[in-house]
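Colleague: Structure in structure tokens, see below.
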Amino acid sequence: MGLQVENLILYYQTLRGDVHALENVTFTIDDGEIMGLAGESGCGKTTLGHGLISLAPPMKYISGKILLDGEALPIWDSRKMDAFRFRKISIIPQYAMNAMNPIRKIGKMIEELLIARKVDYQALLPELKRRLDLVKLPHDVLNMYPIELSGGMKQRMVMVISSLLNPSLLIADEITSALDVSSQKAVAEMLVEFRNQGYCKSALVITHDISILYQLADSILIMYAGQLAEKGPTAEIIRNPRHPYTKLLISSLPEIGVKYAERKLNGIPGKPPLLLDPPAGCRFRERCPLAFDKCYQVPPFVEVSAGHFIACWKETDGHA
Amino acid sequence: MLKLDNVSKTYKVGAFGSRQLYAVNGVSLEVRDGEVVALIGESGSGKSTIGKMILRLISITSGTISLDGVDISALKGAALKEYYRKVQGVFQDPFSSYNPIFKADRIFQVVHDEFYPQVGAVEWQEKVEHTLREVGLNPEHVLNKYPHQLSGGQLQRFLIARALLLDIKFLVADEIISMLDASTRIDVLNLLAELKKRGLSILFITHDLSLANYISERAMILYRGCVAESGEVGRIFTRPAHPYTQMLLASVPRLDKKWDQKTNVETQADVIGSPKGCVYSSRCPLAFEQCKRSRPLPIEIEPEHWVACWKVTQTGG
């Protein structure tokens, strides 16, 4: 069960043609799984996250099938999605700092939110308070305005609101990027706790920070320029990455203890291609140190060992 | 050399401004020529406030900031302009540093008009292109574009190039890489290290300790405006003495180790007034009675390593 995405293609409509933001994306998230989704900006990770819950112009649905708990998600039809949003699939947005209504007290805002979904606020209040305890927020916050909370506290508040109706899938879009290290850690731990308590069955954590994913995700999916690059269990991706992009991405992270004077780290040379008219074949080709002739064809996303998928001719040619 | 001497910044809050909030509380710091000093802390620690005071974007409540012995708070008119020739800043969000309706290279034109009106257009253009190459950009690819056509890393390098055009001595780098991708982050960081080699002093403001360790020589850890620990970076990182520093270090997500203990998060938004005791005592797992009563002063526990914590003072470091 969980989430199944098959051959999903999403484009952005522009005056100069379609931007090929997401090509043939296929993956599954099992019940109880926290899957991390990582890549550079423009790789399509946010497009995927938003496409699953609120597909709005200029984003355009091209093809693909999505099943959540065995039920087809009509992502192309915003009205029909209303029945799923918040209840079955929910999102913690990227700028949670500004996600709350600034002129409503937080408790009042939640009440209105629930009335709109025909849920009884008073009946849910004890549960809401229990969850506030879990994220270490005083019950008082319900009588406060968002401006009275710090960034980390707002982020925790939005997490509680987003998961209030126990969604099947919780999408967390860059929830740690704007926070300092200690709040990052707290928020990440709380997300895992939410899953453990069953507040959400599974979660999709979108971030550009792989080291955060190593701490909290069960599996990691790496994307590049709208294509899938590699997916596997967390330890496998970090310890034994096989796609050249994943390898470069991991080696460009500054580890604690490394100093410029002693060992100079390197970024990935070049930048991602424009997706308005994407290059044929593997889109990482131009930056890839290993690229060869075959890379002009799109590499298939192949399972090379249990749960470890990879889209690279260099790695899969022998297996295919 | 830039020197901060017992600098504080307070804001009046509450009804009729009856209470004071300390954003920065008695911070002293020296940045020598050609040195990178990191200011590290959570949000609300006052690290950006210090950067803004150095850039004269906000006023100083008490204490002095001086550059090569000259007090900067009194600078006005032509003298202030000369100061900006030497001291510049680059900030966190490259996208909001530009006016979206003008081309991005307009920032160079402004520098030309304001600071170098005597330089001819052709010569200036050469200088701009030379500086862009220095920060690792290809002028053909980046000139004559609008901000939305450039990536965050490119825009951030543009801002560094703008500062370099002025022949600066001191750069305030306020979280300049936290909005960038991991793959471009390290390039911008390497660029800063290159500039430092050429004699530029940098105040590197960050919440990420691994980045601070990568390029800086000395660091200062701040909590709610007060200095918790300061000194040579290597010593702080290998032997963090303050419980707050230890907590920050333990929170850094790393690829070789999983987090072990739970975080103690803030549950209260602001501390109003100058607290009697240690500002960290409400979150500190080791706090004891004395921590609530009086503020610890920094002591030197080893050469080039100062810590302000009663527990450390008591046990003799």
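Colleague: With respect to A:Ala280, is the statement that it is surrounded by fewer than 19 Cβ atoms within 10 Å (Cβ to Cβ) and either among the acidic types (Asp, Glu) or away from chain B (no Cβ under 14 Å) (or both) true? Explain how you work it out, then say what you get.
Modeller: Numbers: surrounded by fewer than 19 Cβ atoms within 10 Å (Cβ to Cβ): yes; either among the acidic types (Asp, Glu) or away from chain B (no Cβ under 14 Å) (or both): yes.
The answer is yes for A:Ala280.
Matching residues to (1) surrounded by fewer than 23 Cβ atoms within 10 Å (Cβ to Cβ); (2) farther than 30 Å from B:Ile101 by Cα:
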{"site": "B:Ser151", "(1), (2)": "yes, no"}
{"site": "B:Ile177", "(1), (2)": "no, no"}
{"site": "B:Leu180", "(1), (2)": "no, no"}
{"site": "B:Thr184", "(1), (2)": "yes, no"}
{"site": "B:Leu191", "(1), (2)": "yes, no"}
{"site": "B:Ala228", "(1), (2)": "no, yes"}
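Colleague: Here's another thing I want to ask about it. If you check every pair at least six apart or on different chains, which have Cβ atoms under 9 Å apart with a residue in the range A:234-255 that is within 12 Å of chain B (Cβ to nearest Cβ) and assigned to a loop (DSSP other than H, G, I, E, B) first and a residue that is surrounded by fewer than 18 Cβ atoms within 10 Å (Cβ to Cβ) and of a type in the set (Asp, Glu) second?
Modeller: A:Glu255/B:Asp256
Colleague: Follow-up. Does A:Gly270 satisfy being surrounded by fewer than 20 Cβ atoms within 10 Å (Cβ to Cβ) and farther than 27 Å from A:Thr28 by Cα?
Modeller: Against the criterion (surrounded by fewer than 20 Cβ atoms within 10 Å (Cβ to Cβ) and farther than 27 Å from A:Thr28 by Cα), A:Gly270 qualifies.
Colleague: Shifting gears a bit: Just checking, how many residues over the range B:284-317 are assigned to a loop (DSSP other than H, G, I, E, B) and modelled with pLDDT of 85 or more?
Modeller: Here the count works out to 14.
Colleague: Moving to a separate point now. I'm trying to understand the selection: among the residues of the range A:76-95, which are more than 17 Å from the chain's Cα centre (by Cα) and either surrounded by 14 or more Cβ atoms within 10 Å (Cβ to Cβ) or among the basic types (Lys, Arg) (or both)?
Modeller: A:Trp76, A:Arg79, A:Lys80, A:Met81, A:Phe84, A:Arg87
Colleague: Further question on the same structure: Going through the range A:167-193 one residue at a time, which ones are under 19 Å from A:Arg131 (Cα atoms), outside any loop (DSSP other than H, G, I, E, B) and of a type outside the set (A, V, I, L, M)? It would help to see each step written out before you state the result.
Modeller: First, the residues of the range A:167-193 that are under 19 Å from A:Arg131 (Cα atoms): A:167-172, A:175, A:183-193.
Of the ones still in play, those that are also outside any loop (DSSP other than H, G, I, E, B) are A:169-172, A:183-193.
The answer is A:Ser183, A:Gln184, A:Lys185, A:Glu189, A:Glu193.
The values are calculated or read from the model by the stated rules, or taken from the named source; none is laboratory data. Every value quoted in this text rests on a predicted model; they were computed, and no experiment measured them. With ideal geometry, Cβ positions are generated from the backbone for all residues, glycine too; neighbour counts draw on all protein chains shown.
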